[in-house]
């Protein structure tokens, strides 16, 4: 018997999104092909045990602060906050018990003209993983009849706190290996990091192996480089990235108001390079980097960000 609360959203074309309350996860996105057959576009966890023990954040919402925080600490308003570390001297994706590794409350599915919607909510108490403030976080999923899925992330807090919530879905577009896919990213610059994944605080040109401004077949670059990079997006609120399966013709377009896109090519998945995570998010370690602007939720300023995945064939 399942211990997880699972929800499905289905649009008029049969596109089906399966979600669950543990980590407000995307478990599956099935999209109709040009021939009308449903294609699984994500890398799936196969059962409840895999979901509950997953360490790759597959489909999870990461936070309070996604990506890495150096020295597992930060200063805000003259006060130093010490966080729970889950990597050597670092906090990754909100800590060892971040919101992606906890159970959220699920609201009933609602329907409107051309969409279905469901909201997941979680409360993070003051001091949770070391972060200040009692925080309430919502993730609102909306599946539209144009085969787009929008996630809106909203948070309120009774104290100032850095925040950076992202979705960590791994995409395959029906391919067994990334070598069948091509990627395009609207970014002239990326953020270099050290061997611990901590940024230098710089933005560098993507010229060369980092350049995805024009669609590039991953088969040409993956033998040379494993990617786990944050790109500085050129134009938020517009199309920022496109992933395409050149065999099936299935395409994913990403839109967001986030400033960055983490491109992770599944370098440490059990089957290396079997999927790619395209994580719309704020800049990594922004709270500790003077050159980066960190999102701060305050009692007077709620947090609100979104990402939209649009599929076509």
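The values are calculated or read from the model by the stated rules, or taken from the named source; none is laboratory data. Computed from a prediction, not measured in an experiment: that's the story for all the values here. Virtual Cβ from ideal backbone geometry, glycine too; neighbours counted across all protein chains shown.
Condition check: under 27 Å from residue 245 (Cβ atoms), surrounded by fewer than 23 Cβ atoms within 10 Å (Cβ to Cβ), more than 15 Å from the chain's Cα centre (by Cα) and modelled with pLDDT under 95. Does residue 179 satisfy that? Outline the logic, then answer.
Details: under 27 Å from residue 245 (Cβ atoms): yes; surrounded by fewer than 23 Cβ atoms within 10 Å (Cβ to Cβ): yes; more than 15 Å from the chain's Cα centre (by Cα): yes; modelled with pLDDT under 95: yes.
So residue 179 fits the description; yes.
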With (1) surrounded by 17 or more Cβ atoms within 10 Å (Cβ to Cβ); (2) within 16 Å of the chain's Cα centre (by Cα); (3) free of Cβ contacts under 8 Å to residues at least 40 places away in the same chain as the list, and residue 260 as the residue in question, which single condition is left unmet?
-> (3)
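Matching residues to (1) touching a residue at least 24 places away in the same chain (Cβ under 8 Å); (2) within 15 Å of residue 19 (Cα to Cα); (3) part of a strand (DSSP E or B):
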| site | (1), (2), (3) |
| --- | --- |
| 94 | yes, no, no |
| 100 | yes, yes, no |
| 120 | yes, yes, yes |
| 129 | yes, no, no |
| 139 | yes, yes, yes |
| 143 | yes, yes, yes |
| 175 | yes, no, no |
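Within segment 34-52, which residues are in contact (Cβ under 8 Å) with a residue 40 or more places away in the chain, under 26 Å from residue 13 (Cβ atoms) and touching a strand residue (DSSP E or B) at 6+ places or on another chain (Cβ under 8 Å)?
Keep residues of segment 34-52 that are in contact (Cβ under 8 Å) with a residue 40 or more places away in the chain, which gives 34, 39-43, 48, 51-52.
Next cut, under 26 Å from residue 13 (Cβ atoms) only: 34, 39-43.
39, 40, 41, 42, 43 - these are the residues of segment 34-52 that are in contact (Cβ under 8 Å) with a residue 40 or more places away in the chain, under 26 Å from residue 13 (Cβ atoms) and touching a strand residue (DSSP E or B) at 6+ places or on another chain (Cβ under 8 Å).
The rows are residues; the columns are (1) part of a strand (DSSP E or B); (2) modelled with pLDDT of 95 or more; (3) at positive phi.
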site: 202; (1), (2), (3): no, yes, no
site: 209; (1), (2), (3): no, yes, no
site: 214; (1), (2), (3): no, yes, no
site: 223; (1), (2), (3): no, no, no
site: 236; (1), (2), (3): no, no, no
site: 242; (1), (2), (3): yes, yes, no
site: 263; (1), (2), (3): yes, yes, no
site: 267; (1), (2), (3): no, yes, no
site: 274; (1), (2), (3): no, yes, no
Residues in segment 44-60: is at least one at pLDDT 95 or above, more than 20 Å from the chain's Cα centre (by Cα) and in a strand (DSSP E or B)?
-> no
Counting only residues that are more than 21 Å from the chain's Cα centre (by Cα), assigned to a strand (DSSP E or B) and surrounded by 13 or more Cβ atoms within 10 Å (Cβ to Cβ), how many does segment 66-92 have?
-> 4
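In the set 187, 155, which member is part of a loop (DSSP other than H, G, I, E, B), surrounded by 23 or more Cβ atoms within 10 Å (Cβ to Cβ) and touching a strand residue (DSSP E or B) at 6+ places or on another chain (Cβ under 9 Å)?
Details: 155 fails: part of a loop (DSSP other than H, G, I, E, B).
Exactly one residue qualifies, and that residue is 187.
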